[in-house]
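Please treat every number below as a calculation from the coordinates, not as lab data. Just so it is clear, the model here is predicted, and its values are computed rather than measured. All Cβ positions, glycine included, derive from the backbone under ideal geometry; neighbour counts span all protein chains shown.
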Amino acid sequence: MNAPILTYVTFLPLLGVLAILFIPQRSEAGKNAIRWVSMVISTLVFIVSLRLYFDFDPEVAGFQFIEKYSWIPSYGITYFMGLDGLAFWLVLLTTFLTPLTILSTWTAITKRVKEFQVAMLVLETAMLGTFVALDLFLFYVFWEIMLIPMWLIIGVWGGERRIYAAIKFFLFTAVGSFLMLVCIIGLVYFHNQQTGELTFNLLSLYNTDLVRIYEILFFGAFALAFAIKVPMFPFHTWLPDAHVEAPTAGSVILAGILLKMGTYGFFRFAMPLFPEGSAFFAPLIIVLSIIGIIYGAMVAMVQPDIKKLVAYSSVSHLGYCMIGLYVLNRHGVEGSILQMINHGISTGALFLLVGVVYERRHTRMISEYGGICRPMPIYASIFFLITLSSVGFPTTNGFIGEFLILLGVFEVNKAAAVLAATGVVLGAIYMFWMFQRVFYGRISNPKNEKLKDLNFRELAYLLPLVAMVFWIGLYPNFFLSKMHSSVDHFISQVKISSPASPVAVVEHHASVDKTPLDKSAAKE
Amino acid sequence: MSDLGFSFSLSQLWQVAGGQIILIIAGLVLIFVDLWLSRDEKTDHVVTMGWLTALSFLAALWYMTGPGWRLNEIVLVEVFSAEKFGLFVSAIVLMAGIFASLLSIGYLRNNQLGRSEYFILLVFAVYGTIAMVQSVDLLMMFIALEVMSLSVYVLAAFLKDDRKSQEGALKYFLLGSFGSAFFLFGVALLYGLTGTVNITKIAQLLAMGPLLENPGVLVALAMLMAGLFFKMALVPFHMWTPDVYEGSPAIITGFMATAVKAGAFGIFIKLLSVAFTPMLAYSGQPEFQSTVNLAAFAAYWKPLLWWLALITMFVGNLIAVSQRNVKRMLAYSSIAHAGYMVLGILAANDEGRMGVLFYLFAYTLMNMGAFGVLYILDGQEGKAQTLEDYHGLGFKYPTLSFLMSLFLVSMAGLPPTAGFIGKFYLFAAAIKEGYLLLAALGILTCVIGVYYYLRVIWMLYMVEPSHEVVAGRVGVISMVALIAAALGIMYFGILPDGLAQVANVAQQSLALVF
């Protein structure tokens, strides 16, 4: 516990950057060396981050692994890091997905390998930093740094319309986050006026009492920044472009981790900092989430491009995460967090799978395929398992996440639950329909007859994801048990504005502990 | 302060104006060095002259940050003051000068311009800027302003065979003279009303009260501000900027956008916070108890600056988007940067003044760096300056392109660069004073800025080359200077507090100019 493990985990990838910079990439051997260094370093990061699992104390509601050093003392800015039950899983998700993603770039990225791997590792540092930062300034710095490598990954290694997609991604995010910066500073000075303390420390800022109008304004700005990232309907338009144009690895990271920063931002910053503003916007956000769930699913259904289909399915899935967060009960919030992890795994895997056939056929159009389960049986099986996970089939992770969320929504508002549940049905339709068109039937295109099945490397990065799908699906308590105290803490923070809330939260505890799901999970 | 107005000794003069004296001597010596070096091999003398210029700037920088900085009392010869604020701005100007002289060696060689009066003019331009910042006497301020301006006019016209350079210089000269005339008119009015040109005395007279009611003082302030806004290139006083910045030699453009601007911002802050605003009231001087009256003054210029800041940020950023020429784009963007800095002046608090100083420092590093890369990629002035020329250069010239990207990212205000921290300080200062709306609108213009800065980077990295562009020779000296600038940007972007505290000490010293 004493070692600054979060600093190690966060900045270890930069060490890899340093190493990579000194490897020339003229020859194929050099390129391979760069790939291996990148792979080894990111695996190392994963191994180091596993240490967190053993030291993480699930009983603690607050933050663990705290590191705090003075950074810019005249503004009360600190280098302040820590983990709670949500950030903990997101950090592990990041360190888990990154090496798999890097492994997938072996044959996909053959040009400018060095630059690509540097961008990936810098991106990993920035993502991890975003999840562990507990100082608003530090958080903002990581949040912004993250944009640049992602922008480059889309813009340099992307498809035809890569520049348009890349700059759209950048500007959308920048508008939100620049406004957020203004509001961060505003919040800090309001806090300064109240307490005389100038600090960017998140934990102190939680206690700021703002006038209602500023709560609403500031929440609005924070929510805009995060809603763009999530992305919530109607701010989602950058997402399909970015996903379609990004190289496979970029899409995986984008869907798997970057989108989670939006929901994470709501959980960590927007909602607990401005509970009143959050309550004010809650109906709007819930409605937008439901629209996002249904709209994303319906648009996904008609996409001719597999990748775009998966991209729109993200809009739908993230709608679940948002609504789960906003019902503010234990089921909803835990389901939402689990769904974030699920989405990272299953959508990440889907993008990787699309990348596999794209490398072979250089097209992602559903109509180009058909009947390819015969030449590629292993591929088809894995694709099927991931599809099950994506539609929320019982025994897979998707089921647990969506079930918990719908349970949570049902406790609060039955109509909303019914509407949100239609997303599950629609999800099954578009995923299975796509699966059927791509894999079943006769081989309509002769080019598909001699497709090679998965090779060892591809299996190596897909199987861990499949394993995770069933791990979460069969034994969710392993994951949920680490969240309970953080989630309860979060709910009490956000609900605190309504006078009756403390009692409600206590009652809620009592009821939640006896839910059937927890029992069944415990049995397994 | 004696009643006669003068208590003068050589040692005192050296203490206060040591940096300036070093520069005057250096300038004169350089003229003779230039004469001694034989005429026919002049191109090589560019190296000698360039190094000598840089060394003389370094000597002045040493004096001003060493012995000059340690002076406990701010010695005053009624004309100059050696408060840390002036020293800090001077240090920025000297830093810009050092970058300019080192980069110019390569620039002049690439363009086959072997005339070494270039460096002599540069020395006097720097001298003029420093003398301007250090003076507390409006007349001296004006003279120094003219020394600076005249040197820069000639430097702007240095590309003799280039019509753009000539046109720009003429425009600069005409409009600059116009601006100077406004400034001088303001000085004359103030002298007529108060009977003095010393800003500390003017401050004392204003604090007594009756003069504050006199509209003449407001007119004088307006005139002074108009004159300075020309140099600061705030909208709507910016009309000359794009043409001049585009036409001038690249390094001189960089110099104008940083050193000249730093000087203008420096004396603007000095004028406001010494003569016209309540900052004095905090210094505990008995004459300045009437804070209320002085605050009334702020009610006049603050709304003005509010609008100026907004318009400057919007216009600068918006027009920069439509530019296809990178140099011209940087010119418009420098207008936008001036707008950000006005936020700090508008805030008129410690953080704001500190922020302006920090930003000027960071801006000098990134802007000189950007123009340094620009001249190398250019090959010869004007040959490869458009966005089309930059297509795909990123992988052909990896180091230069990386440096350019870093400078542009810093200008766009993205972390972890000094440009981000500087912007953060400025906006924080404005927000602290409650200018939340202005800050929000201003930060949206930054998004526009992000777009056109990133556009250059995507031209470099994401577009296939459309035609062959051969960059000029990359001198070792230029490379060292550029890398130094890049390291500075990264260092102050990650560990800004040291510099910020020095800047804070510097701005606090303004309260002691008495």
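The fewest-to-most ranking of A:VAL487, B:VAL33 by surrounding Cβ atoms within 10 Å reads B:VAL33, A:VAL487. Calculate how steeply helix B:497-508 sits against the longest principal axis of the alpha-carbon atoms of chain B, using the helix alpha-carbon long axis, and give the answer as 0 to 90 degrees to the nearest 10. That helix lies at roughly 40 degrees to the long axis.
Each residue, B:LYS383 and B:LEU218, gets one label point 7 Å from its Cα in the Cβ direction; the gap between the two is 5.7 nm. The mean number of partner chain beta-carbon atoms within 10 angstrom of a residue's beta-carbon across peptide A:182-188 is 6. Put simply, the Cα atoms of the range A:5-523 extend 70, 54, 43 Å along their principal axes, the longest span coming first. Of the trypsin sites (Lys or Arg not before Pro) in the range B:99-165, the ones in a loop by DSSP (not H, G, I, E or B) with at most 10 other beta carbons within 10 Å are B:LYS160.
For the segment B:405-416, counting C-beta atoms of other chains within 10 Å of every residue's C-beta and taking the mean gives 3.
Taking label positions 7 Å along the Cα-Cβ direction at both A:GLN493 and A:VAL60, the computed distance is 1.5 nm, reported to one decimal.
Residues B:HIS467, B:HIS238 in ascending order of nearby Cβ atoms (within 10 Å, fewest first): B:HIS467, B:HIS238. The Cα center of the range A:1-51 and the Cα center of the range B:378-453 differ in position by 29 Å. When the Cα gyration tensor is reduced to axis lengths a ≥ b ≥ c, the ratio a/c is 1.5 or higher for the range A:13-92, and with a/b not above b/c it is classed as oblate.
Remark on the protein assembly as shown: hydrodynamic radius 30.6 angstrom, per the Kirkwood mean of 1/r across alpha carbon pairs. Given R0 = 60 Å, the distance between the Cβ atoms of A:SER74 and A:GLU28 translates into a calculated FRET efficiency of 0.70.
Projected label points at B:GLN112 and A:TYR440, each 7 Å from Cα along the beta carbon direction, are separated by 7.6 nanometres.
Summary: within chain A, the longest segment free of chymotrypsin sites (Phe, Trp or Tyr not before Pro) located in DSSP loops with at most 16 other C-beta atoms within 10 Å is A:207-439. A simple packing score, the average count of other Cβ atoms within 10 Å per residue, orders the peptides A:244-251, A:371-378, B:92-99 as B:92-99, A:244-251, A:371-378, with the highest score first. Dividing the mean sequence gap of close Cα pairs (under 8 Å, 6+ apart) by how many residues chain A holds gives a relative contact order of 15 percent. The alpha carbon radius of gyration of the range B:16-512, expressed as a multiple of 2.2 N^0.38 Å, is 0.92. Could you work out the helix-only [θ] at 222 nm for chain B, with each DSSP H run of four or more residues adding -39,500 (n - 2.57) and the total divided by the number of residues, to the nearest 500 deg cm²/dmol? The helix-only estimate for chain B comes to -24500 deg cm²/dmol at 222 nm. FRET efficiency for the A:VAL211 to A:TYR475 pair, using the beta carbon distance and R₀ = 51 Å, is estimated at 0.60.
Mean per-residue shielding of peptide A:143-152 is 3, counting Cβ atoms of other chains within 10 Å of each Cβ. To the nearest 0.05, how large is the calculated FRET efficiency for A:GLU449 and A:THR110 if R₀ is 35 Å and r is the Cβ-Cβ distance? With a Förster radius of 35 Å, E is 0.85. Which one, B:ILE74, B:VAL133, B:MET223, is farthest towards the positive end of the dipole of the range B:16-512 when Lys and Arg carry +1 and Asp and Glu -1 on their Cβ? About the Cα centre, the residue reaching furthest to the positive side is B:MET223. As a rough footprinting exposure proxy, the listed residues B:ILE21, A:ILE290 were ranked by other beta carbons within 10 Å of their own, and the order from fewest upward is B:ILE21, A:ILE290. From helices alone, chain A scores -24000 deg cm²/dmol at 222 nm; the rule is -39500 (n - 2.57) for each run of n ≥ 4 DSSP H residues, then divide by the residue total.
Here the range A:133-172 is scanned for amide nitrogen atoms under 19 Å from the site 7 Å beyond the Cα of A:GLN194 along Cα-to-Cβ, giving A:135-137.
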